[in-house]
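Beneath this line is the structure, given in structure tokens, with notes to follow.
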Amino acid sequence: MNFEFSEEQLMIQQAARDYAQRELIKDVIERDNHAIFPTQHVKALAELGFMGMMVSPDYDGGGMDAISYVLAVEELSKVDASASVIVSVNNSLVCYGLEKYGNEAQKQKYLRPLASGNKIGAFLLSEPEAGSDATSQRTTAEDKGDYYLVNGTKNWITNANSASTYILIAQTNPSKKHKGITALIVEKDSPGITLGPHEDKMGMRSSDTHSVMFNDVKVPKVNRIGEEGFGFTFAMKVLEGGRIGIASQAVGLASGALERATAYAKERKAFGTVIANHQAIAFKLADMAVKVENARNLCLKAAWLKDQGKPYGIASAMAKVYAADIAMEVTTEAVQIHGGYGYVKEYHVERLMREAKLTQIYEGTSEVQKIIISRDLIK
Amino acid sequence: MKILVLIGNVPDTTTKIKFNADKTMFDATGVQWIINPWDELALTRAMELKETAGSGIETITVANVGHQETEATLRKALAIGADKAIRVDADAKDAFYVASQLALVSQGYDLIFAGVEASDYNGAAVGGMLAELLGIQSVSSVSGLQIDGGLVKITREIEGGSQALSVAAPVMAIVQKGIAKEPRIPAMRGIMMARSKPLEVVQPSETEIRMSFEAFDLPPAKAACKKFTEEQAKELIHALREEAKVL
Amino acid sequence: MSVLIYIDNQDGKIKKAGFEAASYGVALAKEAGVAAVAVSLGNVDESELAKLGNYGITKVLSCTDARFATLDNSAIAKALAVAANQSNANIVVLAHNNLGKAVAPRLAVKLNAGLVSNVTGLPISLQPFKVNKNVFTGKAIGHALIYTEKKVLTLSYNSFGVIEQAASAVIESFDPGLNASDFGLTVEQTQKVTGKILLSEAEIVVAGGRGMKGPENWTGIEQLAEELGAGTACSRPVSDEGWRPHGEHVGQTGKIIAPNLYFAFGISGAIQHLGGVSGSKVIVAVNKDPDAPIFEAADYGIVGDAMKVLPQFIEAVKELKA
């Protein structure tokens, strides 16, 4: 066991922290208020290498490990979870899926610009009637010889508008149920694709979430990832890593709220002393710190397993369900510690609380994580 | 043209300053170390110059005096974009000692950057001393710098204004805020490349110690702030005259 | 033996930092039982130099060589070394301003002297030579020991103050014997901030922070500064946002100031900001947030809206002046 980070991991953590505390913070409230996509920030994060940080340098990625990724996503999420989900989806769903399962031509054509951040990717799995239950896909991709003809609707798609490259999960053989599901690379400007309106969300308001409609969209067969029928396995494998990203985001929301609450408690006075000296507040902070530490360790464990090439699906499910739950608890307590100030936007913690809620829902709800964990226990 | 940037390893600027029990030494427990802020700006400016087309800058070297723990700071400088690092393996004692050690490794550069001071002991001395030891020109309080052929064009702050001047290389530029807008954040690519960049370790030379700190004190605690209400604003101004006697 | 005091000038005029260095040098020489000698480089009138007498200086070495106007650090250090040797000085005092802190390290090397910059008062002891200096940007005080026979000190601004005492200064012309090759800088342009009080010299500074909400709200700050004859300053976020020029940024990485009176409007008082202003004799803070750390550092404070307080301050100052 070794709990020390390498100098390089610390440098990446600091780089993410510097960018978040120096740049993201400047307009985060404004972007949240008006649901403005952080275009300039994504560009800057791409230049710093955060958009494809785990992809091999051979494909213009950063060549960093999953531990570094956890640290970076946490730091970004302390300030702006909308920005960090853009980073997370691009890294752990889109880039990872392409690098791990795409063929060489696909990597050259699609992975390179995604890893360098010149383009953004989106992962299209959820449907109006199939969210966490990924087996019942209604979007179909009909074999037409050298292309597939895609029809259907995808819901809750992060980066739907800003992305140029979609990874689409669709049904190619309905009779085979989930074994008939296939993963396709779809260019967003393909004819027949239309977007629903920008979802007016409770939190993560500056990430652009839309539904995506496919109406006779032609997708060349060379854009299929793996074989026909591989799509479900593909999606599940990719989501295992995605959970590390979202879990780290939840840790960042919690630790960002803890940092703010601690600073506030050391400054704010009540009954003649700073409120941090009141046990009611001090114990809250202690409880929050323990939860954050636990959640972070779960993330790091999952990342470490991934870096070691060991199975990490259960570890990442544990990290996600726990981190998301404590993110909700810790951010709520941070608002409480701030009192009235916590309820106004200027103090940031109310936003962190709104955003924390989503980590319990997206990329597999907490309930789905528990299904994954319990099935493994009782198998 | 070859550039050298001197790098100091200092406590993060948000560090709460504490000393050991007998108050003879800074208590470094739990302290996060960073590149001295002005040195980081200097490095950023050096990078900007190098990236300017036709600048003719071949290499940027960074150097410090310190033990192995300070290498993290040098490697960050490499990640930001310096080409090579040199560490003189010694305790950074007083400014003269540090300047004398740096003099061993500072020959042959056209432009040397130093920060106006280190944010810990605020000596404001190493750059000037090194320039004197090397026998080269130095310009201090530098807030802007361009390279124009063999000439270095400098903007510096002087009492009451600023001044544009030119000086022939080699020159020591002792820089302050303004030299670069913000310190550069190392990119992933830079962090990766820093792995394979050279970091040379040089043995120190025998040098006398000319000053040291016997002890440290924290500034005396201030009396509590006298609070006035918004409506009593005028009374506060009167207190400044009658009580504090500063008006 | 003597204490040599370098008196710098701006366009032939001696500023407060120079008189303060003179006051300090005179007091130091008295304590050490040696003579105090001032040295001036550049074109300064005798009548201006004679003013040093008001601060106890009895002897001034003056080299009126106009070439010193380029503020060439290397040439000035060389000339000061000659003056120090000529007057058998074992301590040289300079103001810790842009020029003083640039020249002192070069001079210290030339004289084989130990240097302590930013000293805040007279030595605690002469044998061994021990003097206090600011460290960690005013967040602590270091007791510095110098081991060498010769010493160079730079004096933190407004830490000692000017002490008037009647004496008459004899002005002797001084030739450091520099050649053309000793001067290496070509000054192309000098921009003086005119009509404004310089931050570094201001006795009173009025500063605004992010709590001022926007650059359009600086009118009150400027008016108050004008009424008080004060300099204007700002916190780092304000200069980063471009609301005010960078030259106004005071704080750890901006300008370090030590006025007699510092007004902070809408400045929360981050540790980095306090590092730059903690040398102020009196701090007045106005901030809406009662828990802002600036109130910990302030002597006088109002929890309230700067926009409401500023007009009252301006009016009160006008009344006091009337």
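Given the criteria within 30 Å of A:I326 (Cβ to Cβ) and touching a strand residue (DSSP E or B) at 6+ places or on another chain (Cβ under 6 Å), does A:A235 qualify? So A:A235 passes the test.
Filtering the stretch C:172-182 for residues that are outside any helix (DSSP H, G or I), of a type in the set (G, A, S) and under 30 Å from C:Y55 (Cα atoms) leaves a non-empty set.
From the list C:A89, C:A84, C:A66, exactly one residue is free of Cβ contacts under 8 Å to residues at least 60 places away in the same chain, away from every other protein chain (no Cβ under 14 Å) and more than 22 Å from the chain's Cα centre (by Cα). Which is it?
Values: C:A89 fails: free of Cβ contacts under 8 Å to residues at least 60 places away in the same chain; C:A84 fails: free of Cβ contacts under 8 Å to residues at least 60 places away in the same chain.
Matching residue, one of C:A89, C:A84, C:A66: C:A66.
Do the conditions hold for B:R210, that is, is it within 34 Å of the chain's Cα centre (by Cα), under 30 Å from C:Q127 (Cβ atoms) and of a type in the set (K, R)? Judged against the criteria, B:R210 is a match. Looking only at the stretch C:30-58, residues that are in contact with a strand residue (DSSP E or B) (Cβ under 6 Å, 6 or more places away or on another chain), over 12 Å from C:I7 (Cβ atoms) and touching a residue at least 60 places away in the same chain (Cβ under 8 Å) come to 2 in all.
Can you find a residue that is away from chain A (no Cβ under 14 Å), outside any helix (DSSP H, G or I) and crowded, with 19+ Cβ neighbours inside 10 Å anywhere in the stretch B:228-242? Within the stretch B:228-242, one or more residues are away from chain A (no Cβ under 14 Å), outside any helix (DSSP H, G or I) and crowded, with 19+ Cβ neighbours inside 10 Å. The strands (runs of 3 or more DSSP E) found wholly in the stretch B:46-141 and carrying at least 2 residues that are within 14 Å of chain C (Cβ to nearest Cβ) and touching a residue at least 60 places away in the same chain (Cβ under 8 Å) occupy B:111-115. Does B:M211 satisfy the criteria of being within 14 Å of chain A (Cβ to nearest Cβ) and surrounded by 14 or more Cβ atoms within 10 Å (Cβ to Cβ)? In short, no.
Residue count for the stretch B:147-161 satisfying the condition of being within 20 Å of B:E182 (Cβ to Cβ) and at pLDDT below 95: 1.
So which residues in the stretch C:118-173 are free of Cβ contacts under 8 Å to residues at least 60 places away in the same chain and β-branched (V, I, T), if there are any at all?
Applying the first criterion (free of Cβ contacts under 8 Å to residues at least 60 places away in the same chain) to the stretch C:118-173 yields C:118-121, C:124-125, C:127-133, C:135, C:140-149.
Passing the criteria: C:V119, C:T120, C:I124, C:V131, C:V135, C:I141, C:I146, C:T148.
Of the residues making up the stretch C:280-303, one or more are within 10 Å of chain B (Cβ to nearest Cβ), open to solvent by less than 30 Å² (accessible area, probe 1.4 Å), closer than 23 Å to C:T219 by Cα and in a helix (DSSP H, G or I).
Considering only residues that are at the interface with chain B (Cβ under 7 Å from one of its Cβ atoms) and either surrounded by 16 or more Cβ atoms within 10 Å (Cβ to Cβ) or not in a strand (DSSP E or B) (or both), look in the stretch C:188-200 and name the one that is modelled with the highest pLDDT.
Step one: of the stretch C:188-200, the residues at the interface with chain B (Cβ under 7 Å from one of its Cβ atoms) are C:188-193, C:198, C:200.
Going one step further and asking which of them are either surrounded by 16 or more Cβ atoms within 10 Å (Cβ to Cβ) or not in a strand (DSSP E or B) (or both), we end up with C:190, C:193, C:198, C:200.
On the way: C:T190: 91, C:V193: 74, C:L198: 79, C:S200: 79.
Checked the stretch C:188-200; the qualifying residue modelled with the highest pLDDT is C:T190.
When the residues of the stretch B:1-46 are filtered to those that are in contact with a helix residue (DSSP H, G or I) (Cβ under 7 Å, 6 or more places away or on another chain) and not β-branched (V, I, T), the one that is most open to solvent (accessible area, probe 1.4 Å) is B:W33.
Considering only residues of the stretch C:127-143 that are open to solvent by less than 50 Å² (accessible area, probe 1.4 Å) and either in a loop (DSSP other than H, G, I, E, B) or polar (S, T, N, Q) (or both), which is nearest to C:G100 (Cα to Cα)? Can you show your working first?
Of the stretch C:127-143, the ones open to solvent by less than 50 Å² (accessible area, probe 1.4 Å) are C:129-143.
Then drop every residue that is not either in a loop (DSSP other than H, G, I, E, B) or polar (S, T, N, Q) (or both), which leaves C:132, C:134, C:136-139.
On the way: C:N132: 18, C:N134: 16, C:F136: 20, C:T137: 18, C:G138: 19, C:K139: 22 Å.
Out of the qualifying residues, it is C:N134.
Residues in the stretch C:144-171 that are assigned to a loop (DSSP other than H, G, I, E, B), under 23 Å from C:K101 (Cβ atoms) and of a type in the set (A, V, I, L, M, F, W, C): C:F160, C:V162, C:I163. Among the residues of this structure, B:G81 does not count as one that is more than 19 Å from B:I34 (Cα to Cα) and either surrounded by fewer than 24 Cβ atoms within 10 Å (Cβ to Cβ) or in contact with an Asp or Glu (Cβ under 6 Å, 6 or more places away or on another chain) (or both). Return a yes/no flag: does the stretch A:345-362 have any residue that is under 19 Å from the mean Cα position of the chain (by Cα), crowded, with 24+ Cβ neighbours inside 10 Å and not in a helix (DSSP H, G or I). No: zero hits. Restricting the stretch C:247-268 to residues that are within 8 Å of chain B (Cβ to nearest Cβ) and in contact (Cβ under 8 Å) with a residue 60 or more places away in the chain leaves a set whose member that is surrounded by the most Cβ atoms within 10 Å (Cβ to Cβ) is C:Q252. Looking for something under 23 Å from B:T14 (Cα atoms), surrounded by fewer than 23 Cβ atoms within 10 Å (Cβ to Cβ) and not assigned by TED's automatic domain parsing to the domain that holds C:K16 - is there at least one such residue anywhere in the stretch C:227-237? Yes, because at least one residue in the stretch C:227-237 is under 23 Å from B:T14 (Cα atoms), surrounded by fewer than 23 Cβ atoms within 10 Å (Cβ to Cβ) and not assigned by TED's automatic domain parsing to the domain that holds C:K16.
Against the numbered list (1) surrounded by fewer than 20 Cβ atoms within 10 Å (Cβ to Cβ); (2) in a loop (DSSP other than H, G, I, E, B), B:G144 comes up short only at (2).
For the stretch B:194-207, does any single residue satisfy the condition of being open to solvent by 90 Å² or more (accessible area, probe 1.4 Å), in a helix (DSSP H, G or I), farther than 30 Å from A:G61 by Cβ and more than 14 Å from chain A (Cβ to nearest Cβ)? Can you show your working first?
Taking the stretch B:194-207 first, the residues open to solvent by 90 Å² or more (accessible area, probe 1.4 Å) are B:195-196, B:203, B:206.
Those left that are additionally in a helix (DSSP H, G or I): none.
So far as the stretch B:194-207 goes, no, none of its residues is open to solvent by 90 Å² or more (accessible area, probe 1.4 Å), in a helix (DSSP H, G or I), farther than 30 Å from A:G61 by Cβ and more than 14 Å from chain A (Cβ to nearest Cβ).
When each of C:V309, C:V317 is tested for being closer than 17 Å to C:E222 by Cβ, facing chain B (nearest Cβ under 8 Å) and in contact (Cβ under 8 Å) with a residue 60 or more places away in the chain, the lone residue that passes is C:V317.
Of all residues being open to solvent by less than 30 Å² (accessible area, probe 1.4 Å) and at the interface with chain B (Cβ under 7 Å from one of its Cβ atoms) in the stretch C:144-159, which is farthest from C:N85 (Cα to Cα)? Just the residue, please.
Restricting attention to the stretch C:144-159, the residues satisfying the condition of being open to solvent by less than 30 Å² (accessible area, probe 1.4 Å) are C:144-146, C:148, C:151-156, C:158.
So of that shortlist, the ones also at the interface with chain B (Cβ under 7 Å from one of its Cβ atoms) come out as C:144-146, C:148.
Values: C:A144: 24, C:L145: 23, C:I146: 19, C:T148: 15 Å.
Applying the filter and picking the extreme gives C:A144.
The values are calculated or read from the model by the stated rules, or taken from the named source; none is laboratory data. Because the structure is predicted, anything quoted here is derived from the model rather than measured. Note that each Cβ is placed from the backbone with ideal geometry, even for glycine, and that neighbours are counted across all protein chains shown. Side chains are part of the model used for accessible areas, which takes the heavy atoms of the whole protein and leaves out ligands, DNA and RNA. Shrake-Rupley method; radii C 1.70, N 1.55, O 1.52, S 1.80 Å.
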